[in-house]
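K.L.:
Please read through the structure below; I'll follow up with questions.
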Amino acid sequence: MVSPPPPHDRTSPRFVEEHGDRLAAVRAEIAARRLPPVESFSPAHCGEIDIRIARDGRWYYRGSVIDRPELVRLFASVLRREGTDHFLVTPVEKLRITVDDCPYLAVELERVGAGEAQTLVLRLQTDERLIVDRDHAIEVGADERTAAPAPSVHVRDGLVARIARPVFYELVDLAVPAVGDAGLLGVWSAGTFFPLGRMEEGD
């Protein structure tokens, strides 16, 4: 069920309706980001390392938070998922790490355009941006502990970002009924409709 979000500032720059130039700039930024081909690495050495990604997106090494953003970005660029496990992979070694929930956290939403023609851009805690589209789809499951909505977005190669609750509230604020099903709410991005949930009775 989807209930209305708490009030927030609708004049936030994240909700300013911008068009071609802004979207072109985002696409150029994404295209310029070159990631190591971790899926092709087959290192001989495998092991574990005491690195943990917490639910709030922070990285820890031996219990201490990693407070250097550039180091977090480096580690995040060599992440690989195999089944339910996550690894840091280089050409010479593969090290299992601990992930409490999802390895990425979507912390900011930007809307370019409006309505069915809009494109949504999410920024991750690593400062990486992605455009919500068929390859980077939003899904809303249920939290196993609380049964509350647990929204996520596909990043790449099976890696997933949890959508932070304030960002999810912003998505709900943009939600519109699905075509042919007025009780199903969702958002449009890059020409695709992404369901968020069903409207609660009485809304």
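Values in this text are rule-based calculations from the coordinates and carry no lab data. Computed from a prediction, not measured in an experiment: that's the story for all the values here. Quick reminder, even Gly has a Cβ in these numbers, built from the backbone with ideal geometry, and neighbours come from all protein chains shown.
K.L.:
Taking segment 115-134 only, how many residues are assigned to a strand (DSSP E or B), surrounded by fewer than 19 Cβ atoms within 10 Å (Cβ to Cβ) and in contact (Cβ under 8 Å) with a residue 60 or more places away in the chain?
P.N.:
Within segment 115-134, residues that are assigned to a strand (DSSP E or B), surrounded by fewer than 19 Cβ atoms within 10 Å (Cβ to Cβ) and in contact (Cβ under 8 Å) with a residue 60 or more places away in the chain number 2.
K.L.:
Sticking with this one: Being assigned to a strand (DSSP E or B) and either in contact (Cβ under 8 Å) with a residue 60 or more places away in the chain or surrounded by fewer than 15 Cβ atoms within 10 Å (Cβ to Cβ) (or both) is the filter here, so list the residues in segment 40-51 that pass it.
P.N.:
Listed by number, the residues that qualify are H45, C46, G47, E48, D50.
K.L.:
Residues D101, D85: which one is of a type outside the set (F, W, Y) and free of Cβ contacts under 8 Å to residues at least 60 places away in the same chain?
P.N.:
Result: D85 is the single residue among D101, D85 that is of a type outside the set (F, W, Y) and free of Cβ contacts under 8 Å to residues at least 60 places away in the same chain.
K.L.:
Which count do you get for residues in segment 52-74 that are within 17 Å of the chain's Cα centre (by Cα) and not in a strand (DSSP E or B)? Let's see the steps before the verdict.
P.N.:
From segment 52-74, those within 17 Å of the chain's Cα centre (by Cα) are 53-59, 72-73; that's our starting set.
Subset that is not in a strand (DSSP E or B): 54-58, 72-73.
The number of residues fulfilling the criteria is 7.
K.L.:
Okay, next question. Working only within segment 135-150, note down all residues that are assigned to a loop (DSSP other than H, G, I, E, B) and either under 29 Å from E70 (Cα atoms) or touching a His at 6+ places or on another chain (Cβ under 7 Å) (or both).
P.N.:
Residues of segment 135-150 assigned to a loop (DSSP other than H, G, I, E, B): 135, 137, 143-148.
Residues satisfying the conditions are D135, A137.
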